[in-house]
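Each remark here refers to the structure printed beneath this line.
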Amino acid sequence: MKNDFMVMVANGSHIGFASIICDEMAASAKARGTGIAKRTPEYISMKMLEGKAVIAFDQDGIWAGFCYIETWSHGQYVANSGLIVSPQFRKSGLAKAIKKKIFELSRSQYPEAKIFGLTTGLAVMKINSELGYEPVTYSELTQDDAFWAGCKSCVNYDILMSKERKNCLCTAMLFDPAEHKTNGQAVNNNEKEKQARFSLYERFMRIKQSRLLKNFIKFVSQRIHIPSQPVLIKK
């Protein structure tokens, strides 16, 4: 599918779409079998009013996608959260356009902040890689408790806590502006380097998820008491 989209910084005129956006976020997470930090229409509206969100429409003015900015650790870290594309416009390249726009908005509003994200999606990983993100350990992300509290609605939260917030099925990715400056300009890698790097991320992610699931199953089984002798039930 190919469409011409209008991707812009959201403002007060877009508040009427807040409920639709929240509903689609929840439906998408349920369909994927994952969790997200739950947001209310009021919260999404606030992001629009603050100029900390990006919204997209198709050529007919139909809502197509959304993403917003969150800040942590007193502005030292920025997360581009809540990326959502309406089902009818998926696989059209819109997610990439929204990610690029919200990344540019984050860089303009918080030029010194580290931009990070947690994801299990290979498509998002590829987009992040093209923007200059690198995979990192969880210790390199914000340690703000308010951020990690948002993971409570995720189906993998028990895995995260069993690892003491040091690892989970999501891959952590980080853009550090200090590492992307050469004479004041961003460093551009060629496409072959980006593709090779993404292939490495993809292999790493699959291996990590497999190992974490096995370790978590072992962790749970050790806490389940299994009687050494069979239990006889009298009828």
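The values are calculated or read from the model by the stated rules, or taken from the named source; none is laboratory data. If you're wondering where the values come from, they're calculated on a predicted model, not measured in any experiment. Please note: Cβ atoms are built from the backbone with ideal geometry, for glycine as well, and neighbour counts cover all protein chains shown. Ligands, DNA and RNA are stripped out before the accessible areas are found, and what is left, the full protein with its side chains, is counted by its heavy atoms. Shrake-Rupley method; radii C 1.70, N 1.55, O 1.52, S 1.80 Å.
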Diffing the stretch 110-127: the Karplus 3J(HN,Hα) column from phi (6.51, -1.76, 1.60, θ = phi - 60°), in whole Hz with x for Gly and Pro, holds 9, x, 9, 7, 7, 9, 9, x, 10, 8, 10, x, 5, 5, 5, 4, 5, 4
Result for the stretch 1-108: accessible area per residue, probe 1.4 angstrom, in square angstrom, of 50
Here the FRET efficiency for residue 104 versus residue 162, based on Cβ atoms and R0 = 45 Å and rounded to 0.05, is 0.75
Counting sequence-distant residues (5 or more places) and residues on other chains, those with an amide H built under 5 Å from that of residue 65 are 56, 86
